[in-house]
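Down below is the structure, laid out as structure tokens.
The values are calculated or read from the model by the stated rules, or taken from the named source; none is laboratory data. Because the structure is a prediction, the values reported are computed rather than measured. When we count neighbours, we look across all protein chains shown, and the Cβ atoms used for this are built from the backbone with ideal geometry, even at glycine. The area values use the complete protein model at the heavy-atom level, side chains included, leaving out ligands, DNA and RNA. Shrake-Rupley method; radii C 1.70, N 1.55, O 1.52, S 1.80 Å.
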Amino acid sequence: MRTLFIAVVLSLLAPMSSIASTTDATAAFQQVAPSEISSRLDAMKSQAAGLRTTRDQRNFLADIELLKVRLVGLDSFDSLSEKDSIDVVNAYESLRVRAEGGGAKLTHKTCERVRRTGTNLFTTICMTQAERDKAEDMARESMIQAQRNTR
């Protein structure tokens, strides 16, 4: 429910110029062979020790293994659908941010496919986590203000 609300608000807030079918990060990511990404994931495993709790470490390592399983047998990212490609890039970027301790939260972009209000067509919206947090806060404040005005 929360994701749907955020998706609707983001689709209303995002101007058409900020919506792209792929971002520069996605395009750059897709230029690298899946085997190279797999070796980068292996290198990330050593950074799990820097996470706070053993639960975080286990989850981090499990997420790495899940992404590696998805990359097995891929010769290139061209064979993936747009949705699967976005999912793989988002999973990798999420792992990278967690490995860096969350410092890249303000700079890395993640993409989400949403339906704009009033249409059945999907659009891809790419934002940094900081932009998503700001949009969520603005939407929450707008909703609170609208509820106050109806009383």
Sort out for me the helices (runs of 4 or more DSSP H) sitting completely within segment 1-108 that have 2 or more residues that are at pLDDT 75 or above and either open to solvent by less than 60 Å² (accessible area, probe 1.4 Å) or of a type in the set (F, W, Y) (or both).
34-44, 54-71, 82-99
Filtered residue count, segment 120-135, keeping only those that are open to solvent by less than 70 Å² (accessible area, probe 1.4 Å) and either without any contact (Cβ under 8 Å) to a residue 60 or more places away in the chain or touching a Lys or Arg at 6+ places or on another chain (Cβ under 9 Å) (or both)
9
Against the condition hydroxyl-bearing (S, T, Y), out of contact with any His (no Cβ under 6 Å at 6 or more places or on another chain), over 16 Å from A28 (Cα atoms) and modelled with pLDDT of 85 or more, how does T128 come out, does it pass?
no
